Protein chains: 2
Amino acid sequence: MSLSFQVEAVCGEARTGKLITPHGAIETPVFMPVGTLGTVKSVPQEILEELGVEILLSNTYHLYLRPGVDQIRALGGLHKFMAWERAILTDSGGFQVFSLSDLRKVSEEGVSFRSHLDGSTHFFSPESAIAAQIGLGANIIMAFDECTEYPAEIRRARESMELTLRWAERGKRYFEEHKTEVPWGKAFGSQLHQSLFGIVQGGMHLDLRRESAQRTVDLDFPGYAIGGLSVGEPRELTCEVIAATLSHLPADKPRYLMGVGTPEEIEQYAFMGIDMMDCVLPTRAARHGLLFTSEGKISIKNACYAADESPLDPHCQCRVCGRYSRAYLRHLYASKEVLAMFLNTVHNLSYYLDTMQRVRHSIKLGERAKLHSGVRSTRKP
Amino acid sequence: MSLSFQVEAVCGEARTGKLITPHGAIETPVFMPVGTLGTVKSVPQEILEELGVEILLSNTYHLYLRPGVDQIRALGGLHKFMAWERAILTDSGGFQVFSLSDLRKVSEEGVSFRSHLDGSTHFFSPESAIAAQIGLGANIIMAFDECTEYPAEIRRARESMELTLRWAERGKRYFEEHKTEVPWGKAFGSQLHQSLFGIVQGGMHLDLRRESAQRTVDLDFPGYAIGGLSVGEPRELTCEVIAATLSHLPADKPRYLMGVGTPEEIEQYAFMGIDMMDCVLPTRAARHGLLFTSEGKISIKNACYAADESPLDPHCQCRVCGRYSRAYLRHLYASKEVLAMFLNTVHNLSYYLDTMQRVRHSIKLGERAKLHSGVRSTRKP
């Protein structure tokens, strides 16, 4: 048993659950902050703990380039390297190869690409992407997939989906054969340290998505991700694809929607039955002065906040809203002070984590309401 | 009574003391971190509190340009603006006008200068520099002085010193006439909120320094600063000037040495009898990856730290040394991650504050040893 997942409350399609890893339990639905280079930009790990972050995502592509997988492996793995004792998920590098690197060339074997840092040439295969993730040692690692571009004709989307399926099989085989070669590959209590998730692709074609889901499930992973969404398509289409995919994923396994979204989106998708999400939006937006509040989005650089003594969000309990005024945050941002990044990021993450907490609460209340109404109806004379 | 200062232990020339402001008591000798724009770059105020910072320095020149004195005054003063309830000292802007701005022109009336930000023209007089500092509302504010360049012939140094003395008198008069015009100008318990310190100049000429000290003391300030040092002169000369100046400053008033120094220097000057110091060195060096440790200075960008699992300083109790490795700090710095600034700055400030704590402890122990040896000698038969 590599990972345990228990569904707790269910309401409609939505559910709350507990994902148990050797680095702690995670309440789902969960939003995972992105710590690209082994750091959630500008926020120290102890503050992430204080915010209640139970799992964060780090990028294999970035860590592979800097400081290098061998370096992190020799230093005891990513948890030890970044001094983070809670759970970590790494992506496979596939998405970054497609979005960041130059001159990438996809073949059956894998993808050759040039580093966005220095132009040097590298090659990721379904096997080497898993080898890198074994070396990093995250609790949840991802199969190497091809993120199908949008829009893509059905023929192209099928080709891409088939490639991702073949890669998933190769990645899984490699993982099974090599997962115990690192110190953290040994059983940890009754659990293995690392678990490999498969990724559903298929572009925006519902039939392909259903087929991709079924065939990925046939490969038997402890969790399933939905990739290739939030790539420019309208949100209704995103929702259709999510619904079509979810109906073919097993209810007893965690379902991870990659790379989304706005606060409204993560709330909506969690209510559709998604258990895990990640996105750079709260952290990246924070660094650009875009702040999410219960009263709407705020662009803190706006001059109208220069004399505004109120907190960023009067309904927020975070350390930023508890202490600092909009006027001060505006001054820091306008003066390009580094502290602006920290304070803005802490607030936005807090807002996202609060959003998910409210969602979990609603689902639990919804289940209870459903049960209660059920009880009442059976008691009716 | 605007400020109370009590000398506690005395050992040789050195002393410990307590400086009591309406925003808390400060153990002296004290090192004051520099928060140029109302922020100690990259460190949130609650972490400064945790580090034990009892007073910080902010720069009138910078705040005057951004966000503007009127803005801060309207928002309730600098303490409220930056959400910092402990003590603040502001400099007069004189030093920045001399070191940062273009095309400055000094006259009897004051200094006209161009902003380093946008080239706009401004004018500081001894009166307007005090007016700005009244508007900011720091607990300790400084007279507007001319920082004599180094080297300076005795004739030039005297001219400059005389100008600073005339400006001190004008500034003091302005302060007495206007200090109650702000909400924080009213008595706070038995204390006024703000106190104005005089500044001793005189270049590197000991006779001028003695004369400047005496004539500044004749003007009667609640505390005295030594300006115009650490401007390129050899350290022995710095020490000579400090010693010559200190011998003409009253023992019952706080003595502030402006703009120094390395950890060794602040220790040495504290043992010479200095009560207060400030410097951008720990914070600026941190941002350039230069870290002070009990085992010497470290340039964290050095490749030799890439695989170093040990803490930055094994003898340091700060949150950085308690959690993160040199390898991780090196990775953050090499990757230009913002978190590097925060972690490096927290450590360097911790190192400076620890240094001063050790100095205070030594002075107290020294006084006790002296007393004990005195007791023993009187008991001798």
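The values are calculated or read from the model by the stated rules, or taken from the named source; none is laboratory data. Fair warning: this is a prediction, and the values are worked out from it, not measured in the lab. We place every Cβ from the backbone using ideal geometry, glycine too, and count neighbours over all the protein chains shown.
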- Residue match in the range A:68-85 (condition: closer than 27 Å to residue A:282 by Cα, more than 14 Å from chain B (Cβ to nearest Cβ) and not small (Gly, Ala, Ser)): no
Among the residues of the range A:58-87, the number that are over 28 Å from residue B:302 (Cα atoms) and of a type in the set (A, V, I, L, M) is 1
Wholly inside the range B:1-95, helices (runs of 4 or more DSSP H) that include 2 or more residues that are touching a Pro at 6+ places or on another chain (Cβ under 7 Å) are none
Restricting the range B:302-318 to residues that are more than 20 Å from residue A:74 (Cβ to Cβ) and surrounded by fewer than 18 Cβ atoms within 10 Å (Cβ to Cβ), the one farthest from the other protein chains (Cβ to nearest Cβ) turns out to be B:315
Verdict on residue A:349 being away from chain B (no Cβ under 11 Å) and touching a residue at least 12 places away in the same chain (Cβ under 8 Å): yes
Can you find a residue that is of a type in the set (A, V, I, L, M), crowded, with 24+ Cβ neighbours inside 10 Å, more than 30 Å from residue A:233 (Cα to Cα) and touching a strand residue (DSSP E or B) at 6+ places or on another chain (Cβ under 8 Å) anywhere in the range A:184-202? no
Of A:170, A:166, the only residue that is in the same structural domain as residue A:144 (by TED's automatic domain parsing), charged (D, E, K, R) and buried (at least 16 other Cβ atoms within 10 Å of the Cβ) is A:170
| request: Might you let me know whether the range B:206-214 holds any residue that is within 19 Å of residue B:127 (Cα to Cα) and either touching a Gly at 6+ places or on another chain (Cβ under 6 Å) or modelled with pLDDT under 95 (or both)? | output: no
ask   = Is at least one residue of the range B:5-13 over 14 Å from the mean Cα position of the chain (by Cα), within 30 Å of residue B:320 (Cα to Cα) and either outside the structural domain of residue B:220 (by TED's automatic domain parsing) or surrounded by fewer than 16 Cβ atoms within 10 Å (Cβ to Cβ) (or both)?
value = no
Here the residues within the range B:324-336 that are in a loop (DSSP other than H, G, I, E, B) and in contact (Cβ under 8 Å) with a residue 12 or more places away in the chain are B:324, B:325
I'd like to know if the range A:111-120 contains one or more residues that are buried (at least 24 other Cβ atoms within 10 Å of the Cβ) and not in a helix (DSSP H, G or I). no
Task: Filter pass, residue B:7 being under 29 Å from residue A:338 (Cα atoms) and more than 9 Å from every other protein chain (Cβ to nearest Cβ) - done: no
- request: Could you tell me whether the range B:346-366 includes any residue that is under 19 Å from residue A:82 (Cβ atoms) and either in the same structural domain as residue B:310 (by TED's automatic domain parsing) or at pLDDT 95 or above (or both)?
  value: yes
